[in-house]
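Visitor: Here it is: the structure, laid out below.
The values are calculated or read from the model by the stated rules, or taken from the named source; none is laboratory data. For clarity, every value in this text was computed on a predicted model and none was experimentally measured. Every residue, glycine as well, gets a Cβ built from its backbone with ideal geometry; the counts of neighbours run over all protein chains shown. Surface areas here come from the heavy atoms of the whole protein model, side chains and all, with no ligands, DNA or RNA. Shrake-Rupley method; radii C 1.70, N 1.55, O 1.52, S 1.80 Å.
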Amino acid sequence: MLTFDSTSTRRRHTHEVRVGCIGIGGQNPVRVQSMCTTSTMDTDACVRQILAIAEAGGELVRLTTQGVREAENMKVIRERVRAVGCNVPLVADVHFNPAVADVAARYCEKVRINPGNYVDAARQFKKLEYTDEEYAAELQKIEERLVPFLNICREHGTAIRIGVNHGSLSDRIMSRYGDTPAGIVESCMEFLRVCVRNDFKDVVVSIKASNTVVMVESVRLLVKAMDAEEMTFPLHLGVTEAGEGEDGRLKSAVGIGTLLMDGIGDTIRVSLSEPPENEIPVAYGLLQAARLRITKTEYISCPGCGRTLYDLPTTIQRIKAATSHLKGLKIAIMGCIVNGPGEMADADYGYVGAARGKVSLYRGKECVEKNIPEEEAVEHLLSLIGERS
């Protein structure tokens, strides 16, 4: 079910999952997270990186826990981070070894497990044949191993993420469903059904792929499957192995942004091959573009054309420099009257070229000052904005 608010993007209804001091899903804002690139045995490096992510605005931080040693050291890392006043929830990332998840659940606010390798053997790209009875026995193995973990999480107030990766589907799933979105979704649903049967609701779900088309199609299919079984688990969105620089940002914008505009998504991670704190402003930018979280000044500007009779790029930079601290304010900077009042109708204030060397200023759709000399117009705009306070 989708709810609609005329001031923001509609969002699919999900229940709230508490992760430490924050909530994911429900009426909470879409949360932003990142992941450390440091060795989890290097406590000092992990603490520095967690604090850098939190300082940038990250609301959850995930760390890899390859083995029990790393899971045990999460206790030390958490104590060090809390000692300096940082309450950002910590998430353990577990693959291949469910015993590690059992340990991590005692020390972290959330544990991510991967259905592709939690109980099933590591993928060997083998074609396996199962009778229906044999396949049901494999599902029973999942339940027998997952339930003790859920009980530990319940005891310690630990949330989990069931995180499916397209690149790590088990041979069992691949043999029955093929390399398809249907197989990706079923890999997730098998684990969710165990959670439902055991009344464990503190679950966030993700399906990730480096192929944005596969990622979007699979998440949409997962939402339909959950709706059909009346599941309201929150969703974590991300394009895995998105890359770095422009490539990583574009792939993330296409994959994550498409689903956000569908109303899908309760927490996001923009995966970049860069220092993790670089991911945070990109994530907030995506959320602002989707009108889900407003964290900075919004600028609406035309590209300029032959009708633009003032230095548009220089003017934009001057206005940004003077107003970038005004969170939530929308300012339009338009080259001429053609792209003026109509195209900037969503703006709080507008700066519009009126004639050669002349500028008109708007408050909303109303023109409040006409034909100001260009060299005075920025100062007049700032005075006009100042009148609101």
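Visitor: Fully extended, how many nm does the chain gain between LYS327 and ALA228 (0.36 nm per residue separation, minus their Cα-Cα distance)?
Guide: Stretched fully, the LYS327-ALA228 segment lengthens by 31.6 nm.
Visitor: Further question on the same structure: If you take every residue apart from GLN124 with its C-beta less than 13 Å away from the C-beta of GLN124, what net charge results, scoring Lys and Arg +1 and Asp and Glu -1?
Guide: Overall, the nearby charge balance is +2.
Visitor: Of the labelled options [x] 21.5; [y] 29.8; [z] 22.9, which one gives mean projected area of the Cα convex hull in nm² as computed for this structure?
Guide: For mean projected area of the Cα convex hull in nm², the calculated option is [x].
Visitor: Please report, as a whole percent, how much of the solvent-accessible surface of segment 291-348 comes from carbon and sulfur atoms (probe radius 1.4 Å).
Guide: Carbon with sulfur: 51 percent of the solvent-accessible area.
Visitor: If you don't mind, there's one more thing I want to ask. For LYS358, list the lysines whose Cα falls under 25 Å from its own Cα; do not include residues on the same chain fewer than 8 positions away.
Guide: LYS320, LYS330, LYS370
Visitor: Next question. Please check the chain for the longest run free of GluC sites (Glu not before Pro) that are loop-located per DSSP (anything but H, G, I, E, B) and have at most 11 other Cβ atoms within 10 Å.
Guide: That would be 231-386.
Visitor: Please label the shape of segment 1-140 as rounded, prolate or oblate, based on the square roots a ≥ b ≥ c of the eigenvalues of the alpha-carbon gyration tensor (a/c under 1.5 means rounded; beyond that, a/b larger than b/c means prolate, else oblate).
Guide: It comes out oblate by the Cα gyration axes.
Visitor: Using 20 Å as the cut-off for backbone N distance, which residues of segment 362-382 belong to the label zone defined by a point 7 Å from the Cα of ALA345 along Cα→Cβ?
Guide: 362-368
Visitor: Right, here's the next one. Would you please give the FRET efficiency between GLU133 and LEU250, computed as 1/(1 + (r/R0)^6) with r the Cβ-Cβ distance and R0 = 56 Å, to the nearest 0.05?
Guide: 0.75
Visitor: Counting heavy atoms of the protein chains only and a 1.4 Å probe, report the per residue accessible area for segment 173-213 as a whole number of Å².
Guide: Accessible area per residue, segment 173-213: 35 Å².
Visitor: Starting from the Cα of LYS327, draw a straight line to each of the lysines and keep only those under 20 Å, dropping any in the same chain fewer than 8 residues away.
Guide: The qualifying lysines are LYS296.
Visitor: Related question: Work through the residues other than ALA242 whose Cβ is under 12 Å from its Cβ and net out their charges, Lys, Arg +1 and Asp, Glu -1.
Guide: Result for the local shell: -2.
Visitor: Taking the Cα centre of each part, how many Å lie between segment 348-389 and segment 6-83?
Guide: Here the two parts' Cα centres lie 44 Å apart.
Visitor: Contact order normalised by length for segment 327-389, with contacts defined as Cα pairs under 8 Å and 6 or more residues apart; what percent is it?
Guide: After rounding, I find 23 percent.
Visitor: Looking at the chain as a GNM with Cα springs under 10 Å, which of VAL91, VAL368, VAL223 has the largest mean-square fluctuation?
Guide: Of the options given, VAL368 has the highest mean-square fluctuation.
Visitor: Treating cross-link reach as a plain straight distance, find the lysines whose alpha-carbon is under 27 Å from the alpha-carbon of LYS208, omitting any fewer than eight places away in the same chain.
Guide: Partners found: LYS110, LYS126, LYS127, LYS141, LYS224, LYS251.
Visitor: Follow-up. Measuring with a 1.4 Å probe in the full set of protein chains, what accessible area per residue, in whole Å², belongs to segment 233-389?
Guide: 44
Visitor: Using Cα pairs under 8 angstrom and six or more residues apart, how large is the relative contact order of the chain, in percent?
Guide: 14
Visitor: Sort out the exposed loop chymotrypsin sites (Phe, Trp or Tyr not before Pro) in the chain (DSSP loop, at most 13 other Cβ within 10 Å) and tell me the longest stretch that has none.
Guide: 131-389
Visitor: State the extension gain, in nm to one decimal, for the chain segment bounded by ASN371 and ARG307, taking 0.36 nm per residue of separation less the distance between their alpha-carbons.
Guide: Length difference between fully extended and current span is 21.5 nm.
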